[in-house]
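First up is the structure itself, then whatever we jot down about it.
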Amino acid sequence: MVRRIMVLLAVPALICMFCVVPAAAQKDDVKATVPKAAAGEDPAAGPIKQLLVDHARAFEAKNLDVVTGMYADDAILIGTTPNQRWIGKEAIRKAHQEFFQTFDKETIAYVWQTIRVAGDMAWMAADCNVTSVLEGTTDEFPLNWTAVLAKKDGKWQFVLSHFSSPAFGEGLVGEPDEDEGEADQEAADTEKED
């Protein structure tokens, strides 16, 4: 249980995204998976979708500079439990220094995601499965993630991110039902009509 709590404290770093990962962070053993597109997804979401994968690579490589660089200077990161709130790039950097100590190796698999873009602002939601290894012990857990991004000087940056892990024992995230995809399409069609 203590290990699970420590892993959950590390998850905010998973939420960081939005910069190109240097070659040093793109290791061959990185297992980040591309999130599946939601029905009716905005075509402008492509760069953000790629950033989700770039984020996972940087996080898995424990690249503190790259991960921290994904945040706006005044970004806010919110976790699952009370007092998991970090405001500003320096606080987020210090938090990540601690997060990276909670795993030896970690793999992030995006199971489902949706992204909406409106000019220089975007928001997203994702379901992920995380596999974390610390001192030979493997832990797997689901992760829900929502985020708001702003595009500044041509670069998407994380301005608000919230992650949560469902109650213990909930299991990993499965593939979305077809009905969920239809609901996403209906929502996208409604947005276009407005």
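So the values come out like this:
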quantity	calculated
Some residue of region 78-90 being outside any strand (DSSP E or B), more than 17 Å from Trp156 (Cα to Cα) and under 13 Å from the mean Cα position of the chain (by Cα)	yes
Every residue from region 149-159 that is of a type outside the set (Lys, Arg) and surrounded by fewer than 17 Cβ atoms within 10 Å (Cβ to Cβ)	Asp153, Gly154
Complete set of residues in region 122-136 that are over 19 Å from Pro166 (Cα atoms) and within 17 Å of the chain's Cα centre (by Cα)	Ala122, Trp123
Any pair with Cβ under 7 angstrom, 6 or more apart, that starts in region 69-81 at a residue that is more than 23 Å from Arg57 (Cβ to Cβ) and ends at one that is aromatic (Phe, Trp, Tyr) and buried (at least 18 other Cβ atoms within 10 Å of the Cβ)	Thr80/Phe163
Lone qualifier among Ile76, Ile15 - being at pLDDT 90 or above, in contact with a Leu (Cβ under 7 Å, 6 or more places away or on another chain) and either surrounded by 14 or more Cβ atoms within 10 Å (Cβ to Cβ) or among the aromatic types (Phe, Trp, Tyr) (or both)	Ile76
Tally, over region 137-170, of residues that are among the polar types (S, T, N, Q), over 25 Å from Pro43 (Cβ atoms) and either assigned to a loop (DSSP other than H, G, I, E, B) or in contact with a helix residue (DSSP H, G or I) (Cβ under 6 Å, 6 or more places away or on another chain) (or both)	1
Members of region 171-189 that are at pLDDT below 65, assigned to a loop (DSSP other than H, G, I, E, B) and exposed (fewer than 14 other Cβ atoms within 10 Å of the Cβ)	Asp177
Residue ID - modelled with the highest pLDDT, chosen from residues in region 60-73 that are part of a strand (DSSP E or B) and in contact with a strand residue (DSSP E or B) (Cβ under 6 Å, 6 or more places away or on another chain)	Ala72
Pairs where the first residue, in region 117-140, is more than 16 Å from Val159 (Cα to Cα) and the second is loosely packed, with under 15 Cβ neighbours inside 10 Å and of a type in the set (Val, Ile, Thr), C-beta under 7 Å, 6+ apart	Thr131/Thr138
Those residues of region 97-136 which are part of a strand (DSSP E or B) and surrounded by fewer than 18 Cβ atoms within 10 Å (Cβ to Cβ), in sequence order	Lys105, Ala118, Met121, Trp123, Ala125, Thr131, Val133, Leu134
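Quick grid of which residues meet (1) modelled with pLDDT of 95 or more; (2) of a type in the set (Val, Ile, Thr):
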residue	(1), (2)
Ala91	yes, no
Glu106	no, no
Tyr110	no, no
Ile115	no, yes
Ala122	yes, no
Val130	no, yes
Gly136	yes, no
Pro142	no, no
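The values are calculated or read from the model by the stated rules, or taken from the named source; none is laboratory data. Please read all numbers here as calculations on a predicted model, not as lab measurements. Backbone-built Cβ (ideal geometry, glycine too); neighbour counts: all protein chains shown.
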